[in-house]
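Read the figures in this text as sums done on the coordinates, not as results from a lab. Keep in mind that what you see is a predicted model, and the values were worked out from it rather than measured. Don't worry about glycine lacking a Cβ; one is built from the backbone with ideal geometry, like all the others, and counts go over all protein chains shown.
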Amino acid sequence: MLSGIAATGKLHVGNYVGAMRTWATLQDSYDNYFFIADLHALTIPEAVRPDALRQRTREIPALYIASGIDPARSTIFLQSHVPAHAVLAWIFDCLTPVGWLARMTQYKSKSQSSSPSAGLFTYPCLQASDILLYQPRFVPVGEDQRQHIEITRDIAERFNAMFGELFTIPDPWIPTDGARIMGLDDPTEKMSKSTAEVRSGHAIGLLDPLETIRKSILRAVTDSRTAVDREDLSPAVNNLLTLYQVLSDSTRDQTLERFHGKGYGVLKRELADVASEVIGSIQGRFKEITADPAYIDGVLADGARRAAAVADVTLDRAKRLIGLT
Ligand code: ATP
Ligand code: MG
């Protein structure tokens, strides 16, 4: 199993319930690789702040561990520490038709900036490399990543057909609930790190002070009605119910039963309580983990060695098949 998160901003509750929580639950059954995509953080150069990037590449692995990922059972590493990612990405750049990249919805939405970089356009090739180097059977991600896993499969199949069978074709592993948490300030937009950088009240940050989390939840957009009607839920209220459901480990039915007919204020207060409890305990562990700054450096150095040992073998086989020896 392999997955990663881009070092583009502060991790939020969507990253937790859509991705990290699944990794932690499944890690016992597989050989796992979880990376921090620092190279992907460069695709929008206007947003790169070197000091912040440096800080996030320490903070994110500490949050992985605080969320239950065990560095003894799962390899945690920085993408840029394993050069094979960039080399295989170039090979994929050269065999991926421009038309495939132009169809990516993420490119369409993120290229609204004045002059999108070439990296923003080709980054699905880097992501395909990130994944395929480790030959995973599946990639646990949120719903928004489905199209990226599809293009990864297409690239793998194209390579296999053109140069010989090498890559395992991975499947996405998308949770049934919580795979697409929406913004608290706008239920039509996916909660995302980069939006949270420019809009306060958009996301529930995993490292936000608990008081801020409570306030953002209480201020979350709802709709013109006042009470939960299980037969007629607006996207905003549905999002709050989903968050309550996944954070409290309830079923959909239990959640609907609990809040049907109750005022939105009640739902928000109970969600704020459960979010503070879950995120508060992540923050407690985060504090312990980061008390010794050398600890994370050690985890990342060890992770880079373990990851490179696997990635280099795959890259070497790809190079031989393509004639680069
Ligand atoms: P960015 O704004 O930089 O794209 P992001 O919040 O979308 O940041 P990613 O690094 O793109 O985060 O994705 C990391 C993981 O978190 C992926 O598996 C993705 O599917 C998942 N994820 C991201 N946002 C959400 C969300 N709102 N709900 C559920 N899962 C999410
Ligand atoms: Mg994203």
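Report the local net charge at residue 150: Lys and Arg +1, Asp and Glu -1, summed over other residues whose C-beta lies under 13 Å from its C-beta. Don't skip to the end; give the middle numbers.
Working: positive: 103, 146, 153, 158; negative: 143, 144, 154, 157, 171.
Every neighbour counted, the sum reads -1.
Backbone amide hydrogens, once placed in the peptide plane, bring residue 139 within less than 5 Å of 171, 173, excluding anything fewer than 5 places away on its chain.
In sequence order, segment 92-108 has phi-based couplings of 5, 3, 7, 10, 9, x, 4, x, 5, 6, 5, 7, 5, 5, 5, 5, 4 Hz under the Karplus curve 6.51 cos²θ - 1.76 cosθ + 1.60, θ = phi - 60°, and Gly or Pro positions carry x. Applying Stokes-Einstein at 20 °C and 1.002 mPa s to the Kirkwood radius of the chain, computed over alpha-carbon pairs, gives a translational diffusion coefficient of 104 µm² s⁻¹.
The listed peptides 147-159, 313-325, 168-180, ordered by packing as a protection proxy, come out as 147-159, 168-180, 313-325 (highest mean of other Cβ atoms within 10 Å first).
All other residues whose Cβ lies under 15 angstrom from that of residue 256 are scored, Lys and Arg at +1 and Asp and Glu at -1, for a net of -3.
Computed from point charges on the beta carbon alone (+1 for Lys and Arg, -1 for Asp and Glu), the dipole magnitude for segment 193-287 about its Cα centre is near 320 Debye. Put in line by how crowded their Cβ is, counting other Cβ atoms within 10 Å and starting with the fewest, 134, 123 read 134, 123.
For residue 4, nonlocal amide neighbours, meaning residues 5 or more places apart or on other chains whose placed amide H falls under 5 Å from its own, are 35.
Sorted from greatest to least, the principal axis extents spanned by the alpha carbons of segment 193-287 come out as 41, 28, 19 Å. Note on segment 185-255 and segment 3-55: Cα centroid distance 21 Å, given to the nearest whole angstrom. For residue 75, the residues whose modelled amide H falls within less than 5 Å of its own, excluding neighbours fewer than 5 places apart on the same chain, are 32, 33, 34. The simple spin-label model puts a point 7 Å past each Cα toward its Cβ; for residue 233 and residue 162 those points are separated by 4.5 nm.
Estimated from helical segments only, the mean residue ellipticity of the chain at 222 nm is -17000 deg cm²/dmol, where each DSSP H run of four or more residues counts as -39500 (n - 2.57). Using 0.36 nm per residue and subtracting the Cα-Cα separation, the extra length available between residue 150 and residue 292 on full extension is 47.1 nm.
If you take all other residues with their beta carbon under 14 Å from the beta carbon of residue 96, and give Lys and Arg +1 and Asp and Glu -1, the sum is -1.
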